[in-house]
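Enquirer: First, the structure itself, so that you have it in front of you.
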DNA sequence: TCACTCATGTAATTGGTTACATGATTAG
DNA sequence: CTAATCATGTAACCAATTACATGAGTGA
């Protein structure tokens with residue numbers, strides 16, 4: 001019955017599945033994505049790595065380097081890959097916030113090319129539902145709303161709308177995979 | 001030096017500043033905003049209310065109702081309002097995630113009409129910086145990126161772009177406040 | 001009668017941040 | 001010589017979720 005939202009530890013595992021890294025590496029990789037995900041503090045990152053290690057989902061190799069501090073490179077194990085696929089394959093729970101969506105997105109294609117489309121479609125349905133419910137609330141609160149509330153609602157609608165647009169165009173692109181150069185065309189931000 | 005990110009308790013306080021409510025009310029109001037903010041569980045909501053009460057930032061009145069369960073209506077106190085304005089007025093720290101932005105947005109205009117514009121402009125700068133940094137990372141990772149990472153990046157860019165568009169159009173609207181009907185025009189989602 | 005909404009709360013546990021501690025190397 | 005980056009870690013603390021407990025009323 002373990003409700004499966006352990007995420008962050010699994011996500012780290014997923015990054016290690018792509019290539020072996022040190023805690024420091026992970027931190028900086030995540031940092032480079034800005035606040036799309038937000039990188040965990042070392043205070044949670046290192047313990048997470050230790051936990052994965054205790055569970056035999058990863059292994060470490062210590063890299064001693066002359067003059068420089070030594071690094072601990074973590075690699076995923078077979079058991080780790082299994083645990084990961086299991087996590088990836090269970091459907092994201094519907095109230096999944098932004099972060100969770102992107103986390104899975106980054107990893108999703110590594111573990112089932114078909115699953116990616118399904119995942120995006122699932123997300124589309126959720127965002128659409130969210131959008132609809134915001135619109136409903138917007139209609140319901142006619143009297144006694146203040147500017148802030150109206151703005152927040154409007155903001156939410158705008159972002160949901162933009163996300164839907166992105167999902168549609170992405171799903172579209174994925175369904176017509178031109179053999180050469182699949183996703184290269186850089187600015188897909190063609191909401192214009 | 002207390003770094004000021006107590007947020008959630010302050011946010012609840014802010015909601016009570018708009019009108020007296022029960023814990024149940026708060027929960028449902030937040031729920032109506034979908035995952036824009038996400039409503040806290042009762043397990044954190046009620047204790048938060050108790051804490052505010054102990055700090056004399058709010059007062060309670062118990063509403064006994066024949067046949068129906070009684071409700072506890074919380075109202076903000078003068079001390080509460082002071083604490084709140086103080087919180088509202090301190091600048092949002094730059095890594096502020098989505099949630100924090102919307103929380104403040106909902107409350108901001110109640111406590112300084114000028115501050116709202118400043119707040120949006122501040123946000124604009126942050127989002128622009130975020131967008132730029134994503135673009136930089138996108139350029140940097142030419143070799144050995146996988147589809148998921150590319151998609152995540154693209155997604156981030158699209159959303160940041162949409163947010164910038166919303167911020168610009170909103171700042172624009174706010175700067176030309178037609179006396180009648182300030183923000184009524186419902187679909188401002190004119191990114192088209 | 002069964003399930004659901006209304007309405008409040010507590011306790012156990014998890015997950016995370018902040019702050020602290022260490023220590024070498026490099027760039028200004 | 002000072003600050004920053006590289007690199008790892010622990011301990012104290014905080015915030016939040018989950019699960020539990022209670023209890024009345026409403027609608028199928």
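The values are calculated or read from the model by the stated rules, or taken from the named source; none is laboratory data. None of the values given here were measured: they were computed from a predicted structure. Quick reminder, even Gly has a Cβ in these numbers, built from the backbone with ideal geometry, and neighbours come from all protein chains shown.
Enquirer: Does residue A:7 satisfy being within 11 Å of DNA strand D (Cβ to nearest atom) and within 19 Å of residue A:97 (Cβ to Cβ)?
Expert: Against the criterion (within 11 Å of DNA strand D (Cβ to nearest atom) and within 19 Å of residue A:97 (Cβ to Cβ)), residue A:7 does not qualify.
Enquirer: Let me ask something additional. For residue B:52, which of the numbered conditions (1) touching a strand residue (DSSP E or B) at 6+ places or on another chain (Cβ under 6 Å); (2) modelled with pLDDT under 95 fails to hold?
Expert: Among (1) touching a strand residue (DSSP E or B) at 6+ places or on another chain (Cβ under 6 Å); (2) modelled with pLDDT under 95, residue B:52 violates only (2).
Enquirer: Tell me, which residue of the stretch A:3-31 that is surrounded by fewer than 16 Cβ atoms within 10 Å (Cβ to Cβ) and more than 9 Å from DNA strand C (Cβ to nearest atom) is modelled with the lowest pLDDT?
Expert: Going through the qualifying residues, I end up with A:3.
Enquirer: Go through the stretch A:112-142 and give me each residue that's at pLDDT below 90 and within 20 Å of residue B:167 (Cβ to Cβ).
Expert: Within the stretch A:112-142, A:138 is the sole residue that qualifies.
Enquirer: Look through the stretch B:32-70, keep the residues that are more than 12 Å from DNA strand D (Cβ to nearest atom) and closer than 30 Å to residue A:132 by Cβ, and return whichever of them is surrounded by the most Cβ atoms within 10 Å (Cβ to Cβ).
Expert: Across the stretch B:32-70, the extreme among qualifying residues is B:36.
Enquirer: Out of curiosity, is residue A:114 more than 16 Å from DNA strand C (Cβ to nearest atom), within 14 Å of chain B (Cβ to nearest Cβ) and free of Cβ contacts under 8 Å to residues at least 60 places away in the same chain?
Expert: Criteria met by residue A:114.
Enquirer: Output yes when any residue across the stretch A:71-80 is away from DNA strand D (no atom under 16 Å from the Cβ), within 14 Å of chain B (Cβ to nearest Cβ) and buried (at least 17 other Cβ atoms within 10 Å of the Cβ), and no when none is.
Expert: For the stretch A:71-80, residues away from DNA strand D (no atom under 16 Å from the Cβ), within 14 Å of chain B (Cβ to nearest Cβ) and buried (at least 17 other Cβ atoms within 10 Å of the Cβ): absent.
Enquirer: Taking residue B:77 and the conditions (1) within 17 Å of the chain's Cα centre (by Cα); (2) modelled with pLDDT of 95 or more, which numbered condition does it fall short on, given that it satisfies the others?
Expert: Here residue B:77 clears every test but (1).
Enquirer: Those residues that are touching a strand residue (DSSP E or B) at 6+ places or on another chain (Cβ under 7 Å) and part of a helix (DSSP H, G or I), I need them from the stretch A:62-81; list them, please.
Expert: A:80, the sole residue that qualifies.
Enquirer: Run down B:96, B:92 and say which single residue is at pLDDT below 90, in contact with a helix residue (DSSP H, G or I) (Cβ under 7 Å, 6 or more places away or on another chain) and assigned to a loop (DSSP other than H, G, I, E, B).
Expert: After applying the criteria, what remains is B:92.
Enquirer: Sticking with this one: Just give me the residues in the stretch B:143-169 being at pLDDT 95 or above and more than 7 Å from chain A (Cβ to nearest Cβ), in sequence order.
Expert: Hits for the stretch B:143-169 are B:160, B:164, B:165, B:167, B:168, B:169.
Enquirer: I need a count of the residues in the stretch B:160-176 that are surrounded by fewer than 16 Cβ atoms within 10 Å (Cβ to Cβ) and either in contact with a strand residue (DSSP E or B) (Cβ under 6 Å, 6 or more places away or on another chain) or under 30 Å from residue A:37 (Cα atoms) (or both).
Expert: 3
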